[in-house]
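The values are calculated or read from the model by the stated rules, or taken from the named source; none is laboratory data. No experiment lies behind these values; they were computed from the predicted model shown. Glycine also receives a Cβ, built like all others from the backbone with ideal geometry; neighbour counts cover every protein chain displayed. All accessible areas refer to the heavy atoms of the entire protein, side chains included, with ligands and DNA or RNA removed. Shrake-Rupley method; radii C 1.70, N 1.55, O 1.52, S 1.80 Å.
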Amino acid sequence: MNDTELTVVGNVVDSPRRVRLENSAVTNFRMASTARRYDSGKQEFVDAGTLWVDVEAWGELGGNVARSISKGDPVIVRGTLTTRSWESEAGRRSTPQIRATAVGPNLARGWSDFHRPARPAQGNGQDVGREPEPTPEDEQRARDLIDASTSEDYDGDSQSLYELDSENSSPEPARV
């Protein structure tokens, strides 16, 4: 397989949406990751381009995301990158999408309390608490539901996406 695996650090820009399907459930949200560069002419950090990406989290991960992540939260998302395409009134459209394998708060920007769910006792070597993998039909239905909703870009300023404490920042990484 030639999956493109990546990790994206950014902010959640809309409230996660949980959708229950026939055989599974998925949680979707959009995130933005704004690069920061040191401008030696200005002697300060400046915003570079912003990556806007849709994230889908299936099964138990999606349930945990729906319980834990809110609009504006700084997150780290790990998963497989794809491009989702669809037809609209304006013609063919596409957007990058990550099928998440892990989602968590960015602890460089705050702290969190972690709660591990209680697991039922396993019997006969089966994974009792594990949800089945989504079927291709479930995945298509989830894409159709996303396409039916409006997917607007974040319209706030980049400052609210990523705040950097300039007094504690330097153009070079800290030496250990």
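Just a few scattered comments:
- Cβ-based net charge around Leu81, under 15 Å, with every Lys or Arg adding one and every Asp or Glu removing one: 0
- Amide H contacts under 5 Å for Leu21, placed H, 5+ residues apart: Val26
- A 1.4 Å probe run over segment 8-137, with the rest of the protein chains in place, finds 62 Å² accessible per residue.
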